[in-house]
Amino acid sequence: MSFFNSIGRSMQRAPRPPKRSTTPTSATFPADAQTPPAGDIQGTTQQKPLFLCSPFVDAALVKGNFKTIVMQPKYTDIMEWVAVNIFDFYQNLNLFYGVLAECCTQHSCPAMSAGSALNYTWINQDRKSVQLPAPTYIDYVMTWVQNLLDDDNTFPTKSGKDFAPTFPSTVKHVYRQLLRVFAHLYHAHYPQILHLRSEPHFNSLFAHFLAFGREYELLDIKDIKGQQGQLVAVGALWERWKEVGILES
C-alpha cells in the first residue's frame, strides 16, 4: 500500500466541512488544468500592518527554519507528498476561516483586500474581472479546492491510479488562491486572530505553507512580494521571516 493510499483513506474518513454553494464560474475553468482564472491584482500602497509588530511577528509554535519540516520523506512519491500537504494546508486554513467567517462579511469586507489599496479580482463566466466581497471570493476558492480534493482524477486515492499530467499546474493555481486567502486574513482579520490568541498557530501554518511552496516551486515570488508598486501585505512578513531564519533566503 502506498503512502498516499493510506493517507487517502484517512482523508475519506476525515470530517467534511459544511457544504458550500456551487461556484458559478466553475464551468469556465480551463478544462486542461481544471483551475480557476487567477484574477488580476490592483493596488499601489500599504501601511505597516499589525502582524509585523513585535511580539506578534515572532509568535510561532515551531522554532527554527521551516525547511526541516517540508523535506520529502524517503520512499515517498513526490506527487503524493505534495498532494497530502495540499490537503493539510486546505483543511487547516478552512478551519481558521470557519472561526473568522462571522467577522468577514459583505459589510466588513466589501472587497477581497490584501493591502490598504490592493484588491484581488475574480474572472467571471464572461471572462471579465469583477470585484467580489471577500466572503464570496473565499467561498468560491474553497469550494473549488474542495471539489478538486474530492475528484479522484485530480487527487487519486485508489491503488494504481496515477496523477494526471496537469497535476503540477493545478496545485500551482491552488497555491496562488490559498495564498490570497491567507493574505486577506492577515490584512483584514489579524486583530480577531490576536483576540483568539491564535497568532502562533496562524503564523506557523503560514510559514509552513510558504516554505513548502517555495521548496517545491509551487509559489511565484511575485505573488508573495507583489510587483513593483503593488505591495502584497504578506510580502513584508516573508522578508522578515527570512531575516530571522524562519524561511530560507
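Looking only at residues of the stretch 101-116 that are among the hydrophobic types (A, V, I, L, M, F, W, C) and in contact with a strand residue (DSSP E or B) (Cβ under 8 Å, 6 or more places away or on another chain), we find that the one that is modelled with the lowest pLDDT is A114. If I filter the stretch 220-239 for residues that are of a type in the set (V, I, T) and modelled with pLDDT of 95 or more, do I get at least one hit? Checked the stretch 220-239: no residue is of a type in the set (V, I, T) and modelled with pLDDT of 95 or more.
The criterion of at least 2 residues that are modelled with pLDDT of 75 or more is met, among helices (runs of 4 or more DSSP H) falling completely within the stretch 1-100, by 67-70, 78-100. Across the stretch 51-70, the qualifying residues are those that are closer than 24 Å to A114 by Cα and without any contact (Cβ under 8 Å) to a residue 24 or more places away in the chain, and the one among them that is surrounded by the most Cβ atoms within 10 Å (Cβ to Cβ) is C53. Within the stretch 123-137, the set of residues being closer than 15 Å to H107 by Cβ and among the aliphatic types (A, V, I, L, M) comprises L132, A134.
Only one entry in E239, E199 is closer than 21 Å to Y97 by Cβ, of a type outside the set (G, A, S) and out of contact with any Leu (no Cβ under 6 Å at 6 or more places or on another chain), namely E199.
The values are calculated or read from the model by the stated rules, or taken from the named source; none is laboratory data. Computed from a prediction, not measured in an experiment: that's the story for all the values here. A quick note on method: Cβ atoms are made from the backbone with ideal geometry, for glycine too, and the neighbour counts reach across all protein chains shown.
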